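What follows is a single structure, written as structure tokens, with notes after it.
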Amino acid sequence: MKYYFPIHLDGGNRGCEAIAKGSAMLLGEPKENLIGRCRDIQLDTRLGVDQYVTLMPAVRGSYIVDRSLGFINKLLRTQQTMEWRQLYPYRHFLSLIQPGDIMLSTGGDMMCYDDNEVIYTNNYLHRHGVKTVLWGCSMGPDNLTQAKRDTLFRFSLVYARESLTYDFFQQLGLQKLCLCPDPAFILPAEKCPLPTCLQQGQRVVGLNISNYVMGGTALNSRFGKEVVALIEHILNTTNLHVLLVPHVTWNDGNINQDDREINCTLKEQFANSSRISCLNINQLNYCNIRYIISKCALFIGARTHAVISAYSMCVPTIALGYSIKSRGIAKDLQLDSQLVVDSKNFTPEALIDSFNYLTAHEKDIRKHLAAIMPAYKQSTYSIRQQLQSLNTSSL
């Protein structure tokens, strides 16, 4: 039996790297039994993903076929044409999976967005008698569509990574359901050279920003102005150094998720300050970045797996959330609601208020995380029992 990861993508999103490595540790299987579809094998090899998972190159589809499928889908707008188009890039990888194997649909928050390949790959494998697991997921009522509802009941097991999602799925009537922390929590920090600000022993606040929370790559959005005001507040009222920590470098021309772009814009905005710098992550893997985050006094993060690194290293943290995942993880860690700021629905100066709360309670938060984290991380391994039960059950 082998485990297949069709939606691993690649470590251009260090969260994908974290899920792949953490999942391999949870499964405890040799990498020959863990097969991941990868769009950038060279990058993933540099990041060390290939030491955990056997990487198979994503077969690029024909440009003409892809455009034709897109045209047909727009013309007919049927569920079948949408499925054809979504499955086309995965067709070769899915054909390798046998009924005795298990597919793990990773991605964490993939079900928080529009109907996508999670639905269509699961439906395809279900029809072909393959057991499937929605792995370490988050999803809320606002994300539900009929296609998502239907496919949820086709998964052989749904592994929710926080209790708000778990409770929602229970309300839907899902029975093949379990609750465990995100697999990335169990990863260790890996030592690496520190940026200058940390080498000099300064108190540093790590800041991870994405275009999702900023509403684009400019600073003139409502939340963009909140972030600028926060940095000004930090520079004017504290002696903290601000370290900008990118976590995603994807920019394929169609979808730009490159955190480095918004970081450069912020750095330019504060060009006159010597107390703000950008972390170069080009040669750093997820566990290296976790090590650097562990040396920060405080952390503020938009990317879920950057925040998970901070939590796991017991760094007092504010999560800049835009979906159920941020609230759910913070709730399960028994953190005050002020430590999650909804970037889509917030009151003016909410971010500064949360930062002031963070600094005022820094020692207590760190102590609380240190007390709760060992048992919380250990509970992640209970997914092994769920998989053992799945192995002996029928589809």
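The values are calculated or read from the model by the stated rules, or taken from the named source; none is laboratory data. These numbers come from a predicted model, not from an experiment. A quick note on method: Cβ atoms are made from the backbone with ideal geometry, for glycine too, and the neighbour counts reach across all protein chains shown. To get the accessible areas, we keep the full protein, side chains included, count just its heavy atoms, and leave off ligands, DNA and RNA. Shrake-Rupley method; radii C 1.70, N 1.55, O 1.52, S 1.80 Å.
GNM remark for the chain: springs join alpha carbons under 10 Å apart, and the peak mean-square fluctuation among Arg154, Arg127, Arg384 falls on Arg127. Going by accessible surface with a 1.4 Å probe and the largest first, Trp135, Trp250 read Trp250, Trp135. Approximating the spin labels as points 7 Å out from Cα along Cα→Cβ, the His361-to-Glu232 distance works out to 2.7 nm.
Applying a threshold of 19 Å to the alpha-carbon distances of Lys31/Lys176; Lys21/Lys191; Lys21/Lys363; Lys131/Lys176; Lys148/Lys176; Lys2/Lys131 flags Lys31/Lys176; Lys21/Lys363 as lying beyond it. With a cut-off of 8 Å between alpha carbons and a minimum separation of six or more residues, what is the relative contact order of the chain in percent? Relative contact order comes out at 16 percent.
When you filter the GluC sites (Glu not before Pro) in region 160-259 for DSSP loop state and at most 15 other Cβ atoms inside 10 Å of their Cβ, you are left with Glu190. When the trypsin sites (Lys or Arg not before Pro) in region 210-296 are filtered for DSSP coil states and for at most 12 other beta-carbon atoms within 10 Å of their beta-carbon, no site remains. Distance between the pseudo-spin-label points of Asp353 and Gln385 (7 Å out from Cα toward the beta carbon): 4.2 nm. Taken about its Cα centre, the chain carries a charge dipole of about 480 debye when Lys and Arg each add +1 at the Cβ and Asp and Glu each add -1 at the Cβ.
Roughly what % of DSSP beta bridges within region 227-352 run antiparallel, to the nearest 5? Beta bridges within region 227-352, antiparallel portion: roughly 10 percent.
Can you bin region 207-355 into rounded, prolate or oblate? Criterion: square roots of the alpha carbon gyration tensor eigenvalues sorted a ≥ b ≥ c, rounded for a/c under 1.5, prolate for a/b above b/c, oblate for the rest. Verdict is rounded for region 207-355. Any chance you could give the angle, 0 to 90 degrees and rounded to 10, that helix 14-27 forms with the longest Cα principal axis of the chain? Rounded to the nearest ten degrees, it is 60.
With viscosity 0.692 mPa s and temperature 37 °C, the Kirkwood radius over alpha carbon pairs of region 143-295 converts through Stokes-Einstein to a diffusion coefficient of 179 µm²/s. Considering only Leu266, Leu27, Leu96, the mean-square fluctuation computed in a Gaussian network model of the chain, springs between alpha carbons under 10 angstrom, is largest for Leu96. Which shape class applies to the chain: rounded if a/c is under 1.5, otherwise prolate when a/b exceeds b/c and oblate if not, where a ≥ b ≥ c are the square roots of the Cα gyration tensor eigenvalues? It is prolate, given that a/c is not under 1.5 and a/b is the larger ratio. At 222 nm, what value in deg cm²/dmol follows for the chain if DSSP H runs of at least 4 each add -39500 (n - 2.57) and the sum is divided by all its residues, to the nearest 500? -13000 deg cm²/dmol, from helical runs alone. Looking at region 251-348, which chymotrypsin sites (Phe, Trp or Tyr not before Pro) are DSSP coil and have at most 11 other C-beta atoms within 10 Å of their C-beta? Answer in residue order: no site qualifies. Listed by chain and number, the aspartates and glutamates whose C-alpha is less than 17 Å from the C-alpha of Lys267, apart from same-chain residues fewer than 8 away, are Glu226, Glu232, Asp258, Asp259.
Remark: accessible surface ordering of Glu29, Glu17, Glu268 (largest first) is Glu268, Glu29, Glu17, probe radius 1.4 Å.
So if I take the centroid of the Cα atoms in region 336-395 and the same for region 192-252, what is the distance between those two points in Å? What the calculation gives is 21 Å, centre to centre.
Computed from the C-beta positions of Asn239 and Asn280 and an R0 of 25 Å, the FRET efficiency is 0.55 to the nearest 0.05.
Largest mean-square fluctuation among Ser337, Ser163, Ser274, in a Gaussian network model of the chain whose springs join Cα atoms under 10 Å apart, belongs to Ser274. Return, ordered by residue number, the residues of region 33-52 whose backbone nitrogen is under 15 Å from a label point located 7 Å along Cα→Cβ of Asn116. Residues 39 fall inside that zone. In summary, the lysines within cross-link reach of Lys344, defined as a Cα separation below 21 angstrom excluding same-chain residues under 8 places away, comprise Lys225, Lys325, Lys331.
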